[in-house]
Amino acid sequence: MIDFKTLHVWELGHKITLLIYKVTKKYPREEIYELVSQMRSSSSSIPTNIAEGCGRGSDKDLARFLHMAMGSSSELEYQLYLSKDLDYITEREYNEYYDLLIQLRKMLNAFITKIRQRDAKQKLQPKPKAEDKTSKEEDNDGNYKFKN
């Protein structure tokens, strides 16, 4: 198990979530249950999926949750693009958040690659040999006698 709070990718995801919560406070009231809710959900899903994956017992599960975080970042990217086109955020704000998302995706991609390589390397390691089923008994002189 990995402590998600020690991961830079999680820290960046959390930072993005906080920024999204802050910027969406300025959105029109009619968007509270629509775009604002969707953006807050997709942004918080990024660090949430990273954290959940870290709490799972296998590299395969971790990679699966990292892929879900990647999907949430794509969802957020579109929502930011829509926000810019609706003039809810400026071009500068959009570029700032977009750059953070690109940085996050690169980190997620590198982490996924590392996990996949580690998993593949573990699969290539030879399995330990089964112990000899022959039982042994110690005689009075401290010598072992083997029984089949």
In segment 74-117, residue surrounded by the fewest Cβ atoms within 10 Å (Cβ to Cβ) [restricted to those that are without any contact (Cβ under 8 Å) to a residue 60 or more places away in the chain and within 16 Å of residue 48 (Cβ to Cβ)] = 74
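Conditions (1) in contact with a Ser or Thr (Cβ under 9 Å, 6 or more places away or on another chain); (2) among the small types (Gly, Ala, Ser), marked per residue:
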| residue | (1), (2) |
| --- | --- |
| 33 | no, no |
| 46 | yes, no |
| 57 | no, yes |
| 62 | no, no |
| 69 | yes, yes |
| 84 | yes, no |
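Of the residues in segment 25-52, how many are assigned to a helix (DSSP H, G or I) and in contact (Cβ under 8 Å) with a residue 24 or more places away in the chain?
Applying the first criterion (assigned to a helix (DSSP H, G or I)) to segment 25-52 yields 29-52.
This time we only want the ones that are in contact (Cβ under 8 Å) with a residue 24 or more places away in the chain, so: 31, 35, 38-39, 42-47, 50-51.
So the count comes out to 12.
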How many of the residues in segment 57-73 are without any contact (Cβ under 8 Å) to a residue 24 or more places away in the chain and either over 13 Å from residue 116 (Cβ atoms) or in contact with a Phe, Trp or Tyr (Cβ under 6 Å, 6 or more places away or on another chain) (or both)?
-> 3
From 103, 79, 122, which residue is at pLDDT below 95 and either under 27 Å from the mean Cα position of the chain (by Cα) or not in a loop (DSSP other than H, G, I, E, B) (or both)?
-> 122
Pairs only if they're at least six apart or on different chains, beta carbon under 7 angstrom, first in segment 7-24 and on the phi > 0 side of the Ramachandran plot, second assigned to a loop (DSSP other than H, G, I, E, B) and polar (S, T, N, Q); list them, first residue then second.
-> none
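The values are calculated or read from the model by the stated rules, or taken from the named source; none is laboratory data. Only a predicted model underlies this, so the values are computations on that prediction, with no experimental measurement involved. Please note: Cβ atoms are built from the backbone with ideal geometry, for glycine as well, and neighbour counts cover all protein chains shown.
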